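Here the structure comes first, spelled out in C-alpha cells, and everything after it is commentary.
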Amino acid sequence: MRAFVLAGGLGTRLRPALPDVPKPLAPIAGRPFITYLLAWLRRHEILDVTLCLGYKADLVRGALGDGREMGVRLAYSIEPEPLGTGGALKLALTPPTEAALVVNGDTYCDFDLNELLAAHEAADGGATLALRRENNGSTRGCVELDEGGYITAFTEKPPVAESVLISAGVYVFGRTALEGLPVAHAFSLEREFFPGLAAAHRLRGHVVAGYFVDIGTPEAWRQFEQDLVENKVR
C-alpha cells in the first residue's frame, strides 16, 4: 500500500516561531518533523510514500530527496495552487490506486498501524478513520460512532469539557471511496467528503491509543521536542 502524506499547508500558526521554514521541515531534536512520520511508516513496512506538497515544496524536496537515507521511496505531488486536503489527494492519485493510506503531515500518532489496516480490511465500508479519545474535547470537533463502528456524525466542539472521539489524522481509503472523490478543483476531505461518506454508511472509525501531537502551534512544536528528549515518544 502507498501512503500519501498531506503536507502542503501554509503553516500560518507556526509562522511566528519558524517564519521561513515549511512545517514538514520544522526542526525537532535536530531532525525535520516529517522524518519522524516517515520512520513510523517504515516501522510498519509502508515504504512507498507520496508527499503532497505546496508551500515551499522545493525546500522539502531538496531536504528529503528520494527518501533512500530514511529507508523509504519518496515521490512528490506538487500543488500549483492551494487545493485543500481533498484536492491535494486527488491530484496525487495519478495513476489511480486500489487503496491508499492518507496521513496528515503535521500530526504524529504512534499507534499500531497494522491494527487499523486489519480493521479496514475486515469491514465493508469505503474508508476507515483512525480515532483517538480526547479527555477534554471542548477545543476540537468530534466524531460520533454507532454500535457497528460506523461514523454517524461530525460535530463541532462540545459546550463542556467532556471525553470525545476525535480524528487522529490517519485514514485508509478503499478503491470505491477513492473513485468517489469529487471532481472539484479544491475541497476539504474533512468538511466536504467525509460527511457524505458517513451519510452513505461507508465510513468507519477505529479507535487507537498512543502518543499524539499536532505541531501546528509553537507551543505544541516545542512540547514534542521536549517529549522526545524525555523519551516519552519513540
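The values are calculated or read from the model by the stated rules, or taken from the named source; none is laboratory data. Worth saying up front: this structure is predicted, and the values here are computed from it rather than measured. In this analysis, Cβ positions are derived from the backbone assuming ideal geometry, glycine residues included, and neighbour counts consider all displayed protein chains.
Look at Ala209 and say whether it is surrounded by fewer than 17 Cβ atoms within 10 Å (Cβ to Cβ) and farther than 18 Å from Leu91 by Cα. Reasoning before the result, please.
Numbers: surrounded by fewer than 17 Cβ atoms within 10 Å (Cβ to Cβ): yes; farther than 18 Å from Leu91 by Cα: yes.
The answer is yes for Ala209.
Could you list, in sequence order, all residues of the stretch 162-176 that are in contact with an Asp or Glu (Cβ under 8 Å, 6 or more places away or on another chain), part of a strand (DSSP E or B) and either of a type in the set (Ser, Thr, Tyr) or at positive phi (or both)?
Ser167, Gly169 - these are the residues of the stretch 162-176 that are in contact with an Asp or Glu (Cβ under 8 Å, 6 or more places away or on another chain), part of a strand (DSSP E or B) and either of a type in the set (Ser, Thr, Tyr) or at positive phi (or both).
Just a yes or no: is a residue in the stretch 179-201 of a type in the set (Val, Ile, Thr), part of a helix (DSSP H, G or I) and farther than 22 Å from Glu144 by Cβ? Step through it out loud before you land on a result.
At the first step, the residues of the stretch 179-201 found to be of a type in the set (Val, Ile, Thr) are 183.
Adding the requirement that they be part of a helix (DSSP H, G or I) leaves none.
No: the stretch 179-201 contains no residue that is of a type in the set (Val, Ile, Thr), part of a helix (DSSP H, G or I) and farther than 22 Å from Glu144 by Cβ.
Exactly one condition in (1) within 30 Å of Ala209 (Cβ to Cβ); (2) hydrophobic (A, V, I, L, M, F, W, C); (3) surrounded by fewer than 22 Cβ atoms within 10 Å (Cβ to Cβ) is not met by Leu64; state its number.
Against the list (1) within 30 Å of Ala209 (Cβ to Cβ); (2) hydrophobic (A, V, I, L, M, F, W, C); (3) surrounded by fewer than 22 Cβ atoms within 10 Å (Cβ to Cβ), Leu64 comes up short only on (3).
Can you pull out every residue in the stretch 77-119 that is among the charged types (D, E, K, R), assigned to a strand (DSSP E or B) and out of contact with any Lys or Arg (no Cβ under 8 Å at 6 or more places or on another chain)? If you could, list the steps in order and put the result at the bottom.
Initially, the stretch 77-119 is screened for residues among the charged types (D, E, K, R), giving 79, 81, 90, 98, 106, 110, 112, 115.
Within this subset, residues satisfying the condition of being assigned to a strand (DSSP E or B) are 110.
Selection gives nothing.
Okay, residues lined up against (1) over 27 Å from Lys232 (Cβ atoms); (2) modelled with pLDDT of 95 or more; (3) out of contact with any Ser or Thr (no Cβ under 8 Å at 6 or more places or on another chain); (4) crowded, with 16+ Cβ neighbours inside 10 Å:
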| site | (1), (2), (3), (4) |
| --- | --- |
| Ala3 | no, yes, no, yes |
| Arg15 | no, no, yes, no |
| Pro19 | yes, no, yes, no |
| Lys23 | no, no, yes, yes |
| Ala29 | no, no, yes, no |
| Thr50 | yes, yes, no, yes |
| Gly54 | yes, no, yes, yes |
| Leu74 | yes, yes, no, yes |
| Leu89 | yes, yes, yes, yes |
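Considering only residues that are among the small types (Gly, Ala, Ser) and modelled with pLDDT of 90 or more, look in the stretch 161-185 and name the one that is surrounded by the most Cβ atoms within 10 Å (Cβ to Cβ). It would help to see each step written out before you state the result.
Residues of the stretch 161-185 among the small types (Gly, Ala, Ser): 161, 163, 167-169, 174, 177, 180, 184.
Among the residues that remain, those that are also modelled with pLDDT of 90 or more are: 167-169, 174, 177, 180.
Working: Ser167: 22, Ala168: 27, Gly169: 21, Gly174: 20, Ala177: 22, Gly180: 16.
Of everything passing the filter in the stretch 161-185, Ala168 is surrounded by the most Cβ atoms within 10 Å (Cβ to Cβ).
Within the stretch 48-60, how many residues are of a type in the set (Val, Ile, Thr) and in a helix (DSSP H, G or I)? I'd like the intermediate steps shown before the answer.
So in the stretch 48-60, the residues of a type in the set (Val, Ile, Thr) come out as 49-50, 60.
Right, trim to in a helix (DSSP H, G or I) and you get 60.
Number satisfying all stated conditions: 1.
Taking the condition farther than 13 Å from Leu6 by Cα and either β-branched (Val, Ile, Thr) or at pLDDT below 95 (or both), does Ile78 pass?
Numbers: farther than 13 Å from Leu6 by Cα: no; either β-branched (Val, Ile, Thr) or at pLDDT below 95 (or both): yes.
Against the criterion (farther than 13 Å from Leu6 by Cα and either β-branched (Val, Ile, Thr) or at pLDDT below 95 (or both)), Ile78 does not qualify.
Given the conditions (1) in a strand (DSSP E or B); (2) more than 16 Å from Thr107 (Cβ to Cβ); (3) among the hydrophobic types (A, V, I, L, M, F, W, C), which single one is not true for Ala63?
(1)
Those residues that are touching a residue at least 24 places away in the same chain (Cβ under 8 Å) and on the phi > 0 side of the Ramachandran plot, I need them from the stretch 9-33; list them, please.
Correct list: Gly11, Ala29.
Checking Glu45 against (1) under 18 Å from Ala100 (Cβ atoms); (2) in contact (Cβ under 8 Å) with a residue 60 or more places away in the chain; (3) in a loop (DSSP other than H, G, I, E, B), which test does it fail?
All conditions are met except number (2).
Out of Ala29, Ala57, Ala75, Ala99, I need the residue that is closer than 17 Å to Val170 by Cβ and small (Gly, Ala, Ser). Which one? Before you say what the answer is, go through the steps one by one.
On the way: Ala29 fails: closer than 17 Å to Val170 by Cβ; Ala57 fails: closer than 17 Å to Val170 by Cβ; Ala75 fails: closer than 17 Å to Val170 by Cβ.
It is Ala99.
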